[in-house]
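Only one structure is covered here, and it is reproduced in the block below.
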Amino acid sequence: MYKKLITIFGLLIVASLALAACQPAEPETVVETVIVEKEGETIVETVEVEKEARPTPTGDRRGGKLDTVIYTEETSDTTAVERLKAGNIDIYAYTVSNPELFSTVEEAEELAYTLSYGSYNELSFNTTGPEWTGEDDEFIGFNPFANKKIREAMNWLVDRDFIAEEIYGGLSKPRYTALNTAFPDYAKVAGVAAKIETKYAYDLEKAKEVIATEMEDMGATMGPDGFYQYNDETVAIDFLIRTEDERRDIGDYVANQLEEAGIKVNRLYKTSSEAATFWVQSDPNEGSWHLYTGGWISNFVNRDLGGNFEFFFTPRGYSLPLWQNYEPGEEFDDLALKLANNNFTSLQERTDMIARALELSMQESQRIFLVDNISYTPRRAETVVAADLSAAVAGSRINPYVMGFEGQMGGSMTISMPSILTEPWNPVGGTNWVYDAAVQRPTMDYGMQVDPYTGLRLPQRIESAEVVIQEDLPVGRGSDASEDWLALETAAEISVPEDAWVDWDAEAQEFITVGEKFPDGLTALQKTTITYPADLFDITWHDGSSLSMGDFVFGMIMTFDPGKEASPIFDSSQAAPLEAFLQNFKGVKVVSEDPLVIETYTDSFALEAELIDQISGATWWPNYAYGPGSWHSIGLGWKAEASGELGFTSAKADEMETEWMNYIGGPSLEILEKHLMDAMSENFIPYEPTLGEYVSAEEAETRWENYQDWYESHDHFWIGTGPYYLDEAFPVEGTVIVKQNPYFPDVSTRWAGFAEPKIAEAEVDGPGRVTTGEEASFDVFITFEGEAYPMSELSFVKYLVFDANDELVFQGEAEAVEDGLYNVTLTAEQTGELESGANKLQVAVSSTEVAIPTFADFEFVTE
């Protein structure tokens, strides 16, 4: 009697990826090597097995437009452009800001480019200390940035105008706060931001005075060589300076400024992966670094920046060890949490909260912002992309569904970036690098798609949605076009059903209902109902497993479980985010499984109803923070973490002194393979007391066999449901290959219709000299490609007036005259308040067609 235990080797049966129209596949005979048990002995046998391949959709081509996408590493933007011109690569998917190289790209007929406005640079501080100690409390170093007044003084120490003009050649804009200057929220609070910018304008002497006072208070003294000393040793900070772009010059400039202020600098020039070893992976208390030249890119046009305060300045923002050491003040921490959850009742209250949060965040300064970049992504002219106005090509969620070659279906495209496989991949707590995300994104699908020009959401997998909001809350539509799929209603009160799940019992592995936790009843400020299409569960994961109800429920469980102390995978870095989540989450209820209908109740809401997926994960599509996840793929990682052998997050891995879990390479693969064998042998269903109601033993058996076949075919454990699948990853070589997924439900041309973004151009004209005490009138011309911009497509046109001292003195709304023309009139009383000298009129224009505001300045003299 033979008993099959596990499949060691198998072949994944797939149809030819080059077919433009997919047909049912014929059964194939494949060879499998299996372990069998015979009379108490384990032996290996080779057997022939006939398997029926999955039928592929017929008709138009499905999945990605390309057959293959090859991602490679190229650290030099100059070399990348030369390779583009030679045809060796097709896209350099990086937000380049090199002004000299820009002219080369513009002049090359074989090249094209897209502009984006969502990348930015900052300085990240290690805030631990001020004394660092090793074993036996031995003093090993001093950290001046443990002092928040010194961190605040860094705002005066750096000249942001110098960085923008001299280092970036004008391809950037000075940035002082957590608000991206290119996003709508900044335009809405431009007056508040202007006051911050005036207060923290470059002032080297003031910075040196504050640093001197604080260093002396901490026990440091100025040495004879002009550098501070502590414990009779020169205070020398280790500055991680990135080398791939303008951050090398930024680092050198900041280092010079610090040494001018008496702090010696060790300049540690590092690539992205080399620097990550320190600022991402190390324990900040070890004192291996002090300062880092950070760079970020927004994944889409963010229409609500209120959450930036929580992300950048509190431990809830990120699970990395660096964030877990942040200790924000109580008032600021409370404001950050409320703004992240939109816990306010009016837009004016929100504006007041942002104003105060901006003020306090500058005092906290766990990081200081430097510039927002106007970046370009160079590419071959024959390529087609859907570049996000914020996230460019690399960060565009919709680009994998659009990218290809002009007039061509199929083919192979090579995309290069400055780094490949920078950090470990796992969907729960893996890499956050834009380079890694750019490769992961083609493998992912979504409940909601993101409009690359407005940041508003569009239905991707969901069929329809209904949002019910409590009366008098400031929620509306971002666009009338959403009326086709989104119903928006108000209610005097929203009651949460007793049988809705509101919490999780990690010990019993069961959901806690509203009736159990809140016997007196519960209300919510918002109810969201998501309806999925009837054929939802015809979708398959890349390993051939059918999407199922278990994937959705498992994702709900993982929202709670890692932050619970009774969980086998408790992660202390997840406790604070869970606590914050539970303050506003009021319940989730699966109303129907066929079709799938999910209700979510919360006290957190978005200002625009379309932004459903920003609130409590209301679509519940099985994506995690850092990638796609089926119940069995995440369940495999669950087993490895529960055993103490791997950690989903860097913080958990450090705590357990184990590997940071990696689904695509390194020592993790052997450990995950071992647990896959165990999962197959026991037919493992994670959280079986609950998930067992949604996952049958037959489904579990099929999934583990599919996963084993997938791993043997591709040598990794990364699967999604996106238009491409991850075929092979070569960490040493810095190369990743993804291939078209012919089983993807949508035709390849579904999102092909995005046109050029309609970014407004603005110009102000008026008198160059104004007599104080007399009325002054200014015209504002707003156009796109030389044509008047329709008034119906503009959200607002605001004006700000700054006096000779660069202080904001007036602000208001410009008056609409006709399409493309607005007027700003300063009354005689207003001009009478202006002193003699140079003044500035600044105009902020916001469009409904694109979310990037336009600014225009006009200088005039009062006398």
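What value, in deg cm²/dmol to 500, does the helix sum -39500 (n - 2.57) over DSSP H runs of n ≥ 4 give at 222 nm once divided by the residues of the chain? Walk me through the intermediate numbers first.
Numbers: 22 runs with 213 residues, N = 863.
My calculation for the chain gives -7000 deg cm²/dmol from helical runs alone.
Quick one: which residues, 5+ away or cross-chain, put their amide H under 5 Å from the amide H of Val747? H built at 1.01 Å from N.
Counting only residues 5 or more places away or on other chains, the set is empty.
Only Cα pairs under 8 Å and at least 6 apart count here; give the relative contact order of the stretch 512-599 as a rounded whole percent. Please report the intermediate quantities before stating the final value.
Working: 78 pairs, mean separation 28.9, N = 88.
RCO, the stretch 512-599: 33 percent.
Cα atoms only: what Rg and Dmax, in Å, come out for the stretch 93-179?
So, for the stretch 93-179, Rg and Dmax equal 19.6, 65 Å respectively.
For helix 330-340, what angle does its Cα long axis make with the longest principal axis of the chain, in degrees from 0 to 90 and rounded to 10?
It works out to around 60 degrees.
Could you give the distance between the Cα centres of the stretch 699-733 and the stretch 154-223, to the whole Å?
The stretch 699-733 and the stretch 154-223 have Cα centres spaced 47 Å from each other.
Express in whole angstrom the spacing between the alpha-carbon centres of the stretch 423-489 and the stretch 771-827.
Each part's Cα centre sits 34 Å from the other's.
Given 25 °C and 0.890 mPa s, how large is the Stokes-Einstein diffusion coefficient of the stretch 464-513 in µm²/s, with Rh as the Kirkwood radius over Cα pairs?
Values: Rh = 13.6 Å.
Stokes-Einstein gives a translational diffusion coefficient of 180 µm²/s.
Which GluC sites (Glu not before Pro) in the stretch 770-831 sit in a loop by DSSP (not H, G, I, E or B) and have at most 16 other Cβ atoms within 10 Å of their own Cβ?
Hits after loop and neighbour filter: Glu774, Glu775, Glu785, Glu807.
Normalise the Cα radius of gyration of the stretch 223-356 by 2.2 N^0.38 Å (N = residues in it) and let me know the number. Let's see the in-between values first.
Values: Rg = 18.4 Å, N = 134, 2.2 N^0.38 = 14.1 Å.
Rounded to two decimals, the normalised Rg is 1.30.
What aspartates and glutamates could a cross-link reach from Lys674, if we take a straight Cα to Cα line under 12 Å and drop same-chain neighbours fewer than 8 places away?
Glu645
How do the peptides 564-575, 489-500 rank, highest first, by the average count of neighbouring beta carbon atoms within 10 Å per residue? Walk me through the intermediate numbers first.
Values: 564-575: 18.9, 489-500: 14.4.
Output ranking for 564-575, 489-500: 564-575, 489-500.
Suppose every Lys and Arg Cβ carries +1 and every Asp and Glu Cβ carries -1, with no other charges. What dipole size does the chain come out with about its Cα centre, to the nearest 20 debye? Walk me through the numbers on the way to the answer.
On the way: 55 positive and 153 negative charges, 183 e Å.
I would put it at about 880 debye.
Just the C-alpha atoms of the chain: what Rg/Rh do they give, with Rh taken as the Kirkwood radius?
That ratio is 0.97, to two decimals.
I need the semi-axes of the equivalent ellipsoid of the stretch 540-616: take the C-alpha gyration tensor, multiply each eigenvalue by 5, square-root it, list largest first in whole angstrom.
On the way: eigenvalues 106, 85, 27 Å².
Rounded to whole Å, the semi-axes are 23, 21, 12.
Helix 204-217: angle to the longest alpha-carbon principal axis of the chain, degrees 0 to 90, nearest 10?
Roughly 70 degrees, rounded to the nearest 10.
Hey, could you grab the Kirkwood Rh for the stretch 765-855? Inverse mean 1/r over distinct alpha carbon pairs, Å, one decimal. Working shown, then result.
Details: mean 1/r = 0.0721 Å⁻¹.
Radius from the Kirkwood sum: 13.9 Å.
Give the shape of the stretch 484-620 as rounded, prolate or oblate, defined through the alpha-carbon gyration tensor: a ≥ b ≥ c are the square roots of its eigenvalues, a/c under 1.5 means rounded, and otherwise the shape is prolate if a/b is larger than b/c and oblate if not.
Numbers: a/c = 1.59, a/b = 1.03, b/c = 1.54.
Verdict is oblate for the stretch 484-620.
Note down the magnitude of the dipole of the stretch 478-606 about its Cα centre, charges +1 on Lys and Arg C-beta and -1 on Asp and Glu C-beta and zero elsewhere, to the nearest 20 debye. List each step's numbers first, then the result.
On the way: 5 positive and 25 negative charges, 51 e Å.
Value, rounded to 20: 240 debye.
If each residue of separation counts as 0.36 nm, what is the full-extension length gain between Ala697 and Val809 once their alpha-carbon separation is subtracted? Write out the running numbers ahead of the final one.
Numbers: separation 112, 0.36 × 112 = 40.32 nm, distance 7.01 nm.
Gain in length upon complete extension: 33.3 nm.
Once you treat every alpha carbon in the stretch 584-662 as an equal point and sum by Debye, what is log10 I(q)/I(0) at q = 0.21 Å⁻¹?
-0.97
Over 28 Å between Cα atoms, which of Lys85/Lys739; Lys338/Lys840; Lys208/Lys338; Lys188/Lys840; Lys338/Lys527; Lys173/Lys208 qualify?
Numbers: Lys85/Lys739 25 Å; Lys338/Lys840 35 Å; Lys208/Lys338 35 Å; Lys188/Lys840 19 Å; Lys338/Lys527 19 Å; Lys173/Lys208 25 Å.
The pairs that break the limit, which is 28 Å between Cα atoms, are Lys338/Lys840; Lys208/Lys338.
Cα axis of helix 247-260 to longest principal axis of the chain: angle in degrees, 0 to 90, nearest 10?
With both axes taken from Cα atoms, the answer is about 50 degrees.
Readers should treat all values here as calculations from the given coordinates under stated rules, not as data from a laboratory. Note that the structure is predicted; figures quoted are calculated from it, not measured. When we count neighbours, we look across all protein chains shown, and the Cβ atoms used for this are built from the backbone with ideal geometry, even at glycine.
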